[in-house]
1. For segment 31-89, give me each residue that is touching a helix residue (DSSP H, G or I) at 6+ places or on another chain (Cβ under 7 Å), outside any helix (DSSP H, G or I) and within 14 Å of Val18 (Cα to Cα).
2. Can you tell me which residues in segment 152-205 are among the aromatic types (Phe, Trp, Tyr) and in contact with a strand residue (DSSP E or B) (Cβ under 6 Å, 6 or more places away or on another chain)?
3. Regarding Gly258, is this residue touching a Phe, Trp or Tyr at 6+ places or on another chain (Cβ under 8 Å) and more than 17 Å from Leu141 (Cβ to Cβ)?
4. Consider segment 263-281. How many of its residues are crowded, with 18+ Cβ neighbours inside 10 Å, within 17 Å of Met178 (Cβ to Cβ) and not hydrophobic (A, V, I, L, M, F, W, C)?
5. Count, please, the residues in segment 99-142 that happen to be surrounded by 15 or more Cβ atoms within 10 Å (Cβ to Cβ) and either in a helix (DSSP H, G or I) or assigned by TED's automatic domain parsing to the domain that holds Ala17 (or both).
6. Looking for whichever is modelled with pLDDT under 95 and under 16 Å from Pro218 (Cα atoms) here; the options are Asp64, Asp49, Asp2. Which one fits?
7. Do you know which residues across segment 169-197 are of a type in the set (Ser, Thr, Tyr), touching a Lys or Arg at 6+ places or on another chain (Cβ under 9 Å) and at pLDDT 90 or above?
8. Any chance segment 16-32 includes a residue that's in contact (Cβ under 8 Å) with a residue 60 or more places away in the chain, surrounded by fewer than 17 Cβ atoms within 10 Å (Cβ to Cβ) and of a type outside the set (Gly, Ala, Ser)?
Amino acid sequence: MDQVTMHNHYLLAITEAVTRAGGQNSQLLNQAGISPRLLTEQVQRVPLDDFVSYCRLAWGALGDELFGLSGQPCHPGTFAFLAEQCLSCSTLRQALDKAEQFYQLFTQLRLQRTEADGTVRLEVIRLQPELDPDKLLVDFLLTTWHRFLSWLAGAQVVLTQIEFDFSPPPHLHEYKYMLPASHRFDGQCNALYFSAEYLNKPINRERVELQAFLTDFPFSVLIPPEIDDSFAAKVRCWVKRYADFPATLPYFDQVASGLNLTSSTLRRKLKAEGTSYQQIKDLLRRDLAIDHMQASALSISEIAHRVGFTEPGAFIRAFKNWTGVTPGCYRSASC
């Protein structure tokens, strides 16, 4: 699997939550193999494997899968228990009914579904939002339920819009990768929007598959599902099979032709999913570049060439746009 990284906003937010809850961050970070220096650089990125290790250690230390952010501890295994209940359902509609009842009975959170004009609004509600100042719980719950519903259905639930009740954050660019869709900030709620047709999707997963999903949790909800029939996923797969990837990326018309679509049709499909070919290329190049920066002694010029830039200056400008800092600053902060 390609190296996957997280913006360290999420690590900072969790460590602060753990500190508020009385956890020992230095010990947890050391056990997870994460340098404390990552907490001082607002634009750093954290390998997802290390981030997940820290999350699991924090769960055990706090006895709470939600890091003390909801007002009532969700003991480790809570999501697994709910997931098992959902697995016994016939459709996504029934699974969401079960989840709504579960949250209302056992947590200080609510999962609320409304339907209008063929569109579902799936809203996450925090009864004590003041405990979640960094909106970490919002991001985690929206991502978890999008990924989990997609996994249950065996196909990507394509989002038409995501609404947030807060202003665009400094790490805004991360949302287009984490939750690809049209984003609306300063709204009335925190919710996912998708076609109501998905509610009738049958659930055909086996218990052994669920055990594998839960063994990887939360890794399994922080990356796109492996079974993904979105057009963005089809484009990513086609580009990565391209003969000259990653030194050269194909033209958009080539990708469309390779997928047996017209360019205008593919452009429209990607727009409906809240993404574009440029965003897909940026994500591929960004993670490749970060992987080279962290795992090799290649020069900036060599890395630029390996990820498809003929001129180092263009790579430096692109890298700063992706992460907020130049490659040199990023590498020195990672040491």
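The values are calculated or read from the model by the stated rules, or taken from the named source; none is laboratory data. Just so it is clear, the model here is predicted, and its values are computed rather than measured. Heads up, the Cβs are rebuilt from the backbone with ideal geometry, glycines too, and the neighbour counts pull from every protein chain shown.
1. Within segment 31-89, Glu65, Leu66, Phe67, Gly68, Leu69, Ser70, Gly71 qualify.
2. Taking segment 152-205 as the starting set, the residues that turn out to be among the aromatic types (Phe, Trp, Tyr) are 164, 166, 175, 177, 185, 193-194, 198.
Hits for segment 152-205 are Tyr175, Tyr193, Phe194.
3. Considered against the rule, which asks whether it is touching a Phe, Trp or Tyr at 6+ places or on another chain (Cβ under 8 Å) and more than 17 Å from Leu141 (Cβ to Cβ), Gly258 comes out as yes.
4. 3
5. 13
6. That would be Asp49, the only listed residue that is modelled with pLDDT under 95 and under 16 Å from Pro218 (Cα atoms).
7. Tyr193
8. Scanning segment 16-32 turns up at least one residue that is in contact (Cβ under 8 Å) with a residue 60 or more places away in the chain, surrounded by fewer than 17 Cβ atoms within 10 Å (Cβ to Cβ) and of a type outside the set (Gly, Ala, Ser).
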